[in-house]
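A.B. asks: One structure, as structure tokens, below. Some questions next.
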Amino acid sequence: MRGQKSRSGSGTRPGFEGGQQPLYRRIPKLKGFPLINRKKYTTINVEKLASLPADTEVTLTSLKEVGILTGDRGPLKILGNGELNIALKVKAAAFTGAARTKIEAAGGSCEVLE
């Protein structure tokens, strides 16, 4: 009988969905997919902690009281940019590898909060 499948030659190309917008054209291009439940951190570099006195306990609230941080965008994350020469007791939700090594090399301690 008549119709698309009765014609001579090969059938439809792979991925053809009968005129409907195909899957490969429906999904976003090049930019990737955004993370739905992305964690947002309040970040600070190690160099900002160098102005604190030795043996200070560093938390998000203590940094806000001192005035180093002004806002709270989530749990505290320590980044490794800069140098640190004093021993500090740092309590944060996350540390980068460089930050952890710099704090411990200065004689301080790192504690991960849940």
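A.B. asks: Can you tell me how many residues in region 82-97 are more than 16 Å from L52 (Cα to Cα) and loosely packed, with under 15 Cβ neighbours inside 10 Å?
C.D. replies: Qualifying residue count, region 82-97: 1.
A.B. asks: Looking at region 1-23, I want the residues that are without any contact (Cβ under 8 Å) to a residue 60 or more places away in the chain and have a partner that is in a helix (DSSP H, G or I) and aromatic (F, W, Y) with Cβ atoms under 8 Å, at least 6 apart or on another chain. Which pairs are those?
C.D. replies: G15/Y24
A.B. asks: Among the residues of region 22-68, what is the count of those that are assigned to a strand (DSSP E or B) and either touching an Asp or Glu at 6+ places or on another chain (Cβ under 8 Å) or surrounded by 14 or more Cβ atoms within 10 Å (Cβ to Cβ) (or both)?
C.D. replies: Matching residues across region 22-68 total 5.
A.B. asks: Another question about this same structure. List pairs: first in region 90-114 and among the hydrophobic types (A, V, I, L, M, F, W, C), second in a loop (DSSP other than H, G, I, E, B) and surrounded by 17 or more Cβ atoms within 10 Å (Cβ to Cβ), Cβ under 7 Å, 6+ apart or cross-chain?
C.D. replies: V90/G108; A98/G80; A99/G80; I103/L84; I103/L88; A106/L84
A.B. asks: With respect to G71, determine if the residue is assigned to a loop (DSSP other than H, G, I, E, B) and within 18 Å of K39 (Cα to Cα).
C.D. replies: yes
Rule-based calculations on the coordinates, nothing more; no lab input. Computed from a prediction, not measured in an experiment: that's the story for all the values here. Using ideal geometry, Cβ is built from the backbone for each residue, glycine included, and neighbour counts are taken over all protein chains shown.
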